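Novice: Take a look at this one; I'll ask things after.
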């Protein structure tokens with residue numbers, strides 16, 4: 001029988017069969033990929049190599065740094081959160097050898113004004129003014145901060161020991177700087193702390209679950225996948241927050257880029273995911289990258305905490321940028337390698353567009369199946385006949401879906417409690433829908449860049465800082481830091497005896 005001889009319902013049944021076979025095969029491939037990581041994590045756990053040590057927060061917070069430390073914070077249109085971010089950071093990290101470099105743009109006076117009110121009299125804060133109007137890209141702003149750091153090193157006649165990267169909305173852990181310094185002092189070229197998104201407590205039903213679905217994603221990624229990557233020696237993609245790089249490693253990265261005919265700067269100015277490229281670039285230069293996972297004596301992770309977007313357009317915009325930068329732009333810039341473990345991990349990083357396609361076909365298959373079931377009930381179409389192969393694939397996929405849900409529940413419950421673990425499982429369809437939309441938009445955006453469209457900082461708006469969010473417990477919050485809507489002046493460990501506002505505003 002030819003296709004022309006088939007009736008309407010028979011054509012739909014044939015389409016259903018082909019979609020079912022395609023989706024079942026690719027869902028199973030993805031599931032086996034995840035199960036391999038699960039198995040490696042279980043092996044590490046059973047051998048005692050996936051344990052999370054407990055450290056004294058007060059000791060880490062009071063730790064004397066092994067050298068000067070710089071914190072890079074690029075900022076564009078962040079007036080609503082930057083004051084709280086800086087006030088909390090400077091209070092939480094009292095070390096005198098710390099200097100915070102905040103990158104601002106001349107056409108964003110609101111962010112500069114808010115930053116200057118954050119810690120008056122604290123000469124550890126330096127506001128670095130970009131030469132061009134914003135927005136450029138986050139990578140470009142970070143390169144501007146790097147030039148400011150180099151200029152300071154020349155003036156001081158002393159090099160910094162490490163650079164810590166953070167975003168304008170982050171709430172740092174008071175123990176984090178000491179822990180990162182410890183890792184770098186012990187020989188790591190790059191050290192990454194976990195990221196712990198906060199559960200969204202405000203807004204409507206959709207907003208709460210959109211903002212909270214990051215919780216389960218990071219709980220699994222930074223509780224399992226990054227632990228496995230660290231253990232097997234694969235390159236670690238930096239998260240861009242809670243990440244420290246030794247000064248020597250950053251210099252080697254600049255020299256490598258200059259040697260390949262690029263700008264002698266740490267980042268490609270038109271990169272969308274400069275943090276991801278940073279970790280892989282340091283590894284390619286022979287650097288030792290470590291994922292540093294530890295808890296305080298209170299049992300809470302030493303991690304960077306943040307509120308993630310809770311509006312659908314903001315969530316899609318952020319994930320579009322991640323998929324575009326990692327899966328598509330990253331393929332162009334970084335390529336592949338000859339190590340099979342590294343090929344595997346980079347393949348996992350870059351499967352976003354394919355995942356979006358398979359998920360979209362899967363949901364289309366569900367809709368088509370509903371139509372055919374209705375037609376069967378009305379006597380318009382016959383029942384679907386499953387071949388032994390297709391039946392085996394369906395059974396295997398059902399088993400892997402249950403397995404995946406169990407792991408998602410377990411890791412989310414460990415970090416946020418059983419209630420949030422259950423909600424994480426129920427949010428899987430929502431996360432899938434976001435992945436489908438973001439995957440399509442990423443491919444479209446990538447096609448536009450291939451046609452010559454310039455890349456701009458498509459940043460995510462931030463409406464609130466975690467320190468003032470309902471129900472947030474800040475581990476080890478310094479006793480002199482009070483979370484109010486108008487932070488009071490922070491005590492200054494390096495206040496100038498002569499007084500005056502020592503916040504550096506530099507354009508050089």
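The values are calculated or read from the model by the stated rules, or taken from the named source; none is laboratory data. Because the structure is a prediction, the values reported are computed rather than measured. We place every Cβ from the backbone using ideal geometry, glycine too, and count neighbours over all the protein chains shown.
Novice: Tell me, please, whether a residue that is without any contact (Cβ under 8 Å) to a residue 40 or more places away in the chain and either surrounded by 13 or more Cβ atoms within 10 Å (Cβ to Cβ) or outside any strand (DSSP E or B) (or both) can be found in the stretch 54-65.
Specialist: Looking through the stretch 54-65, at least one residue is without any contact (Cβ under 8 Å) to a residue 40 or more places away in the chain and either surrounded by 13 or more Cβ atoms within 10 Å (Cβ to Cβ) or outside any strand (DSSP E or B) (or both).
Novice: On to the next question. If only one of 236, 177, 206 is part of a helix (DSSP H, G or I) and either surrounded by fewer than 23 Cβ atoms within 10 Å (Cβ to Cβ) or touching a strand residue (DSSP E or B) at 6+ places or on another chain (Cβ under 6 Å) (or both), which one is it? Reasoning before the result, please.
Specialist: On the way: 236 fails: part of a helix (DSSP H, G or I); 177 fails: either surrounded by fewer than 23 Cβ atoms within 10 Å (Cβ to Cβ) or touching a strand residue (DSSP E or B) at 6+ places or on another chain (Cβ under 6 Å) (or both).
Only one candidate passes the filter, namely 206.
Novice: When you check residue 198 against the structure, is it over 20 Å from residue 85 (Cβ atoms) and within 20 Å of the chain's Cα centre (by Cα), yes or no?
Specialist: No; evaluated as a whole, the condition is false for this residue.
Novice: Do we find that residue 305 is part of a helix (DSSP H, G or I) and within 28 Å of residue 162 (Cα to Cα) in this structure?
Specialist: Numbers: part of a helix (DSSP H, G or I): no; within 28 Å of residue 162 (Cα to Cα): yes.
Taking the combined requirement at face value, the residue does not satisfy it.
Novice: Follow-up. Given the criterion closer than 24 Å to residue 190 by Cα and modelled with pLDDT of 95 or more, identify the matching residue among 127, 163.
Specialist: Of 127, 163, the one residue that is closer than 24 Å to residue 190 by Cα and modelled with pLDDT of 95 or more is 163.
Novice: A further question on this structure: Pull up the stretch 387-419, narrow it to residues that are under 21 Å from residue 17 (Cβ atoms) and out of contact with any helix residue (DSSP H, G or I) (no Cβ under 7 Å at 6 or more places or on another chain), then point me to the one that is modelled with the lowest pLDDT.
Specialist: Out of the qualifying residues, it is 387.
Novice: Quick test of your reading of the structure: residue 224 fulfils all but one of (1) at pLDDT below 95; (2) over 28 Å from residue 135 (Cβ atoms). Name the failing condition by number.
Specialist: (1)
Novice: Is there a residue in the stretch 374-384 that is more than 22 Å from the chain's Cα centre (by Cα), crowded, with 18+ Cβ neighbours inside 10 Å and at negative phi? Reasoning before the result, please.
Specialist: Filtering the stretch 374-384 down to residues more than 22 Å from the chain's Cα centre (by Cα) leaves 374-384.
Narrowing further to those that are crowded, with 18+ Cβ neighbours inside 10 Å: 381.
Filter once more, so that each one left must be at negative phi: 381.
Yes, the stretch 374-384 contains at least one residue that is more than 22 Å from the chain's Cα centre (by Cα), crowded, with 18+ Cβ neighbours inside 10 Å and at negative phi.
Novice: Just to be sure, is residue 399 within 28 Å of residue 222 (Cβ to Cβ) and under 20 Å from the mean Cα position of the chain (by Cα)?
Specialist: So residue 399 fails the test.
Novice: Here's another thing I want to ask about it. Please work out which one of (1) surrounded by fewer than 22 Cβ atoms within 10 Å (Cβ to Cβ); (2) closer than 17 Å to residue 170 by Cβ is the condition residue 131 fails and give its number.
Specialist: Here residue 131 meets the rest and fails (2).
Novice: Determine, yes or no, whether residue 151 is more than 17 Å from residue 242 (Cα to Cα) and either surrounded by fewer than 19 Cβ atoms within 10 Å (Cβ to Cβ) or not assigned by TED's automatic domain parsing to the domain that holds residue 217 (or both).
Specialist: Judged against the criteria, residue 151 is a match.
Novice: Exactly one condition in (1) over 20 Å from residue 61 (Cα atoms); (2) out of contact with any helix residue (DSSP H, G or I) (no Cβ under 6 Å at 6 or more places or on another chain); (3) assigned to a helix (DSSP H, G or I) is not met by residue 183; state its number.
Specialist: (1) is the only condition that residue 183 fails.
Novice: Pull up the stretch 66-103, narrow it to residues that are assigned to a loop (DSSP other than H, G, I, E, B) and free of Cβ contacts under 8 Å to residues at least 60 places away in the same chain, then point me to the one that is farthest from residue 466 (Cα to Cα).
Specialist: Residue satisfying both the conditions and the ranking: 97.
Novice: If you take the residues in the stretch 439-454 that are more than 12 Å from residue 328 (Cβ to Cβ) and in contact (Cβ under 8 Å) with a residue 12 or more places away in the chain, which one is nearest to the chain's Cα centre (by Cα)?
Specialist: 440
Novice: Return the only residue of 27, 72, 22 being in contact with a helix residue (DSSP H, G or I) (Cβ under 9 Å, 6 or more places away or on another chain) and assigned by TED's automatic domain parsing to the domain that holds residue 108.
Specialist: 72
Novice: Based on what the data block shows, is residue 487 in contact with a helix residue (DSSP H, G or I) (Cβ under 9 Å, 6 or more places away or on another chain), at pLDDT below 80 and in a loop (DSSP other than H, G, I, E, B)?
Specialist: Yes: the conditions hold for residue 487.
Novice: Across the stretch 308-320, which residue is surrounded by the fewest Cβ atoms within 10 Å (Cβ to Cβ) among those that are assigned to a helix (DSSP H, G or I) and more than 11 Å from the chain's Cα centre (by Cα)?
Specialist: It comes out as 313.
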